[in-house]
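Structure first, then comments.
The values are calculated or read from the model by the stated rules, or taken from the named source; none is laboratory data. Computed from a predicted model, the values in this text were never measured in an experiment. With ideal geometry, Cβ positions are generated from the backbone for all residues, glycine too; neighbour counts draw on all protein chains shown.
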Ligand SMILES: Cc1ncc(C[n+]2csc(CCOP(=O)(O)OP(=O)(O)O)c2C)c(N)n1
Ligand SMILES: [Mg+2]
């Protein structure tokens, strides 16, 4: 049997694995800066301004509040089904803070927090989960790809973009690609990892290991003891990070992005986290999720520990918290109003964006689709 041990990642060092094939052992580095209680490993604290730290915290709180509002709207039949991000805010927000607007954000569907930090309007979530394609775009979002529902497919897009950057000699930017633990069992994921490594392209894979792929537990998904070790096969740096620690997720992504921009190729980051709510609104986790597991992870909440850290630093207090909560509530209500006032839904908008230019085959399909819609409405 292969046995591995996780060692705390050396500050500033490149994550490297140690492999002893004769002994069949290996070591993967692990990174945690803020523990579950919000205690800081001061040696590893990233050099972030109070403004950035507050922005990170505010965005995580906002994402959770948006999740909560979306869930209520869905239960009232005012919005379609959507995936929740509660519990996983740090896993996308930390990496998003490490990115510049020139970097590409290639996501799956559980990175609401990271998308909000990237500047996506709150309304976008309401739009996209109600069938408006427009919810995938926003001013300044040219390098933020639409959400990918097809598990793992976005990893190929990410590597393709990174390859194009390499060919063009673009050295001041890189790609961050978000995937789930379940995606690591898809062929697309492995093809992407392989070509990222063969071509040494500037891409950072951020895997949110939330322990579940819908109702399939992580241990039935893969026999590997960590997901980070999958990087070894592709000879790329791989690191396991506390995915509920926004500082560690920021730091690991920042170091990986620095290497990517310096031409040092791809990195794989496993963020160990947990989905505190249902997979999507059409799922009932109480049918498969052990209640003691959920309870244990509720005690590792990324928001609670970050708030304690800000308070201990003396840059956050109850008054600021109360004011922020009022502001956030108002921002979300404004977004709901703007969304519900929209009446110009065009069912064939997706056809506009397949190639970005008019293609006869796509236009034929659009006509066929509209024809069927008309027939359906006449039948009704
Ligand atoms: C190629 C493909 N197969 C199956 C599905 C159905 N599906 C939607 S989400 C999901 C689980 C994904 O798990 P994971 O990658 O761990 O991401 P998480 O949902 O936990 O964030 C599956 C199987 C899909 N969307 N795409
Ligand atoms: Mg998962």
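Worth pointing out:
- Filter result for residue 161 (part of a helix (DSSP H, G or I), touching a strand residue (DSSP E or B) at 6+ places or on another chain (Cβ under 6 Å), away from ligand 1 (no atom under 16 Å from the Cβ) and modelled with pLDDT of 95 or more): yes
- Among the numbered conditions (1) assigned to a helix (DSSP H, G or I); (2) in contact (Cβ under 8 Å) with a residue 40 or more places away in the chain; (3) under 30 Å from residue 158 (Cα atoms); (4) more than 16 Å from ligand 2 (Cβ to nearest atom), the only one that residue 115 does not meet is (2).
- Which listed residue, of 151, 239, is within 14 Å of ligand 2 (Cβ to nearest atom) and either in a loop (DSSP other than H, G, I, E, B) or touching a residue at least 60 places away in the same chain (Cβ under 8 Å) (or both): 151
- The stretch 179-213 - residue that is farther than 23 Å from residue 254 by Cβ and away from ligand 2 (no atom under 16 Å from the Cβ) and, of those, surrounded by the fewest Cβ atoms within 10 Å (Cβ to Cβ): 187
- Candidates in the stretch 214-235 are the residues that are under 30 Å from residue 167 (Cβ atoms) and surrounded by fewer than 23 Cβ atoms within 10 Å (Cβ to Cβ); of these, the one that is nearest to ligand 2 (Cβ to nearest atom) is 230.
- Filter result for residue 300 (surrounded by 12 or more Cβ atoms within 10 Å (Cβ to Cβ) and either on the phi > 0 side of the Ramachandran plot or assigned to a loop (DSSP other than H, G, I, E, B) (or both)): yes
- Criterion: more than 16 Å from ligand 2 (Cβ to nearest atom), loosely packed, with under 15 Cβ neighbours inside 10 Å and touching a residue at least 12 places away in the same chain (Cβ under 8 Å) - qualifying residue of 44, 58, 64, 75: 75
- Any chance residue 203 is away from ligand 1 (no atom under 12 Å from the Cβ) and in contact (Cβ under 8 Å) with a residue 40 or more places away in the chain: yes
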